[in-house]
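What follows draws every value from the coordinates through simple rules; no lab data is involved. From a predicted model like this one, the values you see are computed outputs, not experimental measurements. Cβ: placed from backbone, ideal geometry, glycine included. Neighbour counts: every protein chain shown.
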């Protein structure tokens with residue numbers, strides 16, 4: 001039994017949710033999101049809660065049960081509050097700045113890296129060494145953060161690069177004389 005899947009998802013105040021077949025639609029103050037649930041999972045909207053359960057006891061249906069419930073919870077949270085991911089830049093001369101809608105990164109290359117902000121995502125640079133990514137789709141916010149981090153991930157010797165806020169980098173010892 002999925003411990004996550006058993007719990008019904010409460011629809012927060014200020015959010016309207018609708019279940020039409022296998023499609024769950026949520027509309028809130030931040031926007032509107034849809035999620036199409038797998039055919040092996042049954043979704044019901046009953047008195048302010050969305051209940052998710054597997055259609056049968058097959059391993060495949062049970063494995064998609066908890067994930068479907070979590071995705072539904074994420075779209076309800078996203079349209080109400082939104083999601084945010086922070087990145088930190090460490091290194092001499094490494095910095096970030098917004099140039100219109102694009103993010104310009106100076107990461108020690110011979111050229112600046114320009115990242116085009118996708119639709120539905122807001123990127124803010126409160127400090128030159130800090131990037132804040134926000135949006136209503138949790139998956140998209142995490143994907144954008146991962147793509148920016150991929151340009152220059154943190155290296156283990158000096159810790160230079162782009163890292164998630166609060167991420168612990170395993171540091172290695174350098175060469176010994």
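Remarks
- Gyration tensor (alpha-carbon) shape descriptor, the stretch 43-90, a/c threshold 1.5: oblate
- Which labelled figure in (i) 18.6; (ii) 16.6; (iii) 17.5 is Kirkwood radius over Cα pairs in Å, once derived from the coordinates: (i)
- Gap separating the Cα centres of the stretch 15-49 and the stretch 62-90, nearest whole Å: 14 Å
- Sorted by Cβ density within 10 Å, fewest first, the residues 83, 109, 170: 170, 109, 83
- Label-to-label distance for residue 151 and residue 114 is 1.2 nm, based on points extended 7 Å past Cα in the beta-carbon direction.
- Selected from 124, 92, 114 as most flexible by GNM, with the chain as the system and alpha-carbon contacts under 10 Å: 92
- Two-site FRET efficiency, residue 59 against residue 20, from Cβ-Cβ distance with R₀ of 30 Å, rounded to 0.05: 0.60
- The stretch 3-80 - percent relative contact order, Cα under 8 Å, separation 6 or more: 38 percent
- Pairwise FRET efficiency - residue 176 versus residue 139, Cβ, R0 = 45 Å, nearest 0.05: 0.50
- Helix 59-80 axis versus longest C-alpha principal axis of the chain: approximately 70°, rounded to the nearest ten.
- Note on the chain: helix-only mean residue ellipticity at 222 nm, from DSSP H runs of 4+ residues weighted -39500 (n - 2.57) and normalised by residue number, equals -7000 deg cm²/dmol.
- Between residue 39 and residue 102, the modelled labels are 4.4 nm apart [label points 7 Å from Cα along Cα→Cβ].
- For the stretch 83-164: rounded, prolate or oblate by the Cα gyration tensor [a/c cutoff 1.5]: prolate
- Using alpha carbons only: equivalent-ellipsoid semi-axes of the stretch 11-81, gyration tensor based, whole Å: 23, 11, 10
- Taking the longest Cα principal axis of the chain as reference, the axis of helix 138-151 is set at about 20 degrees.
- Taking N as the residue count of the stretch 1-52, its C-alpha radius of gyration divided by 2.2 N^0.38 Å amounts to 1.14.
- Per residue, the average separation of C-alpha pairs within less than 8 Å and at least 6 apart gives the chain a relative contact order of 18 percent.
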